[in-house]
1. Being within 14 Å of the ligand (Cβ to nearest atom), under 17 Å from ILE140 (Cβ atoms) and not charged (D, E, K, R) is the filter here, so list the residues in segment 156-186 that pass it.
2. Being exposed (fewer than 14 other Cβ atoms within 10 Å of the Cβ), of a type in the set (Ser, Thr, Tyr) and out of contact with any Ser or Thr (no Cβ under 6 Å at 6 or more places or on another chain) is the requirement here; does SER74 meet it?
3. Residues being in contact (Cβ under 8 Å) with a residue 60 or more places away in the chain and assigned to a loop (DSSP other than H, G, I, E, B): count how many of those fall in segment 12-41.
4. Quick check: is even one residue across segment 56-74 closer than 20 Å to ASN188 by Cα and over 18 Å from the mean Cα position of the chain (by Cα)?
5. Does GLN195 satisfy the condition of being away from the ligand (no atom under 16 Å from the Cβ), touching a residue at least 12 places away in the same chain (Cβ under 8 Å) and part of a strand (DSSP E or B)?
6. Just checking, does segment 153-162 include any residue being part of a helix (DSSP H, G or I) and at pLDDT 95 or above?
7. Of everything in segment 68-95, what is away from the ligand (no atom under 16 Å from the Cβ) and out of contact with any helix residue (DSSP H, G or I) (no Cβ under 8 Å at 6 or more places or on another chain)? Give them in sequence order.
8. Among the residues of segment 81-127, which ones are in a loop (DSSP other than H, G, I, E, B), buried (at least 17 other Cβ atoms within 10 Å of the Cβ) and among the charged types (D, E, K, R)?
Amino acid sequence: MAFELPKLHFELNALEPVISGKTMDFHYNKHHKAYVDKLNELIRGTPYENMSLEQVIRESAEHSHEVKIFNNASQAWNHAFFWNCLSPKRQQPSAHFKELLADSFEGFDNFKTKFAEAANERFGSGWAWLVERPDHKLQILSTSNAEDPLLVGAKPLLTLDVWEHAYYLDYQNRRPDFTKAVIDTLLNWDFAETQYAAAQRIPSRQMSAVEASTLRH
Ligand code: MN3
């Protein structure tokens, strides 16, 4: 059984002008697809073929010689999650969730500032995340390259891709302009809150992103 590129829940040009259709075409149809294709090639005929994507990530992370499998599996998961974190329709968090963010980060505006800082200050390629820790506190963090918070038992609620391929066609070296525009206008708060609500019921070590289950056919 092979992993498949999950379908986008919006059109390639639906995020314009913040993310162009051209960027989305490269990012989704080339970069994301390449991670999925490479992963399938690497796991063919191995025990990984029969695992969920989350299991592949956790298992390959334990074995340093399987770094290629880890990198491609984790990038496949991160991108599937990232697309769900974006919405063509401008959203605000619900009153309840906004209050939770304000309480956790000394104000909602301060949350946005800190999330942008995590994205902008990640040196080189990586991801910024809003996660729920095992103790149920919210935390902002960033990871390098393909790494994701599943490895530390944290439940991702939102992520932002800050690899150059995510913004270079539209923003060149101006990563802060990209992160600010996405945070201000494209975040899918409904999705983040759904992830948070799901995390209340599922122990963090067993968590499984809603969309990742659609990857396996
Ligand atoms: Mn990317």
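The values are calculated or read from the model by the stated rules, or taken from the named source; none is laboratory data. What you see is a predicted model; the values in this text were computed from it and never measured. Cβ: placed from backbone, ideal geometry, glycine included. Neighbour counts: every protein chain shown.
1. Answer for segment 156-186, where residues must be within 14 Å of the ligand (Cβ to nearest atom), under 17 Å from ILE140 (Cβ atoms) and not charged (D, E, K, R): THR159, LEU160, VAL162, THR179, VAL182.
2. Working: exposed (fewer than 14 other Cβ atoms within 10 Å of the Cβ): no; of a type in the set (Ser, Thr, Tyr): yes; out of contact with any Ser or Thr (no Cβ under 6 Å at 6 or more places or on another chain): yes.
It is false that SER74 is exposed (fewer than 14 other Cβ atoms within 10 Å of the Cβ), of a type in the set (Ser, Thr, Tyr) and out of contact with any Ser or Thr (no Cβ under 6 Å at 6 or more places or on another chain).
3. Residues in segment 12-41 being in contact (Cβ under 8 Å) with a residue 60 or more places away in the chain and assigned to a loop (DSSP other than H, G, I, E, B): 5 in total.
4. We begin by selecting, within segment 56-74, every residue closer than 20 Å to ASN188 by Cα; these are none.
No: zero hits.
5. Values: away from the ligand (no atom under 16 Å from the Cβ): yes; touching a residue at least 12 places away in the same chain (Cβ under 8 Å): yes; part of a strand (DSSP E or B): no.
No.
6. So the first thing to find is which residues in segment 153-162 are part of a helix (DSSP H, G or I), and the list is none.
No: segment 153-162 contains no residue that is part of a helix (DSSP H, G or I) and at pLDDT 95 or above.
7. PRO88, LYS89, ALA95
8. ARG122
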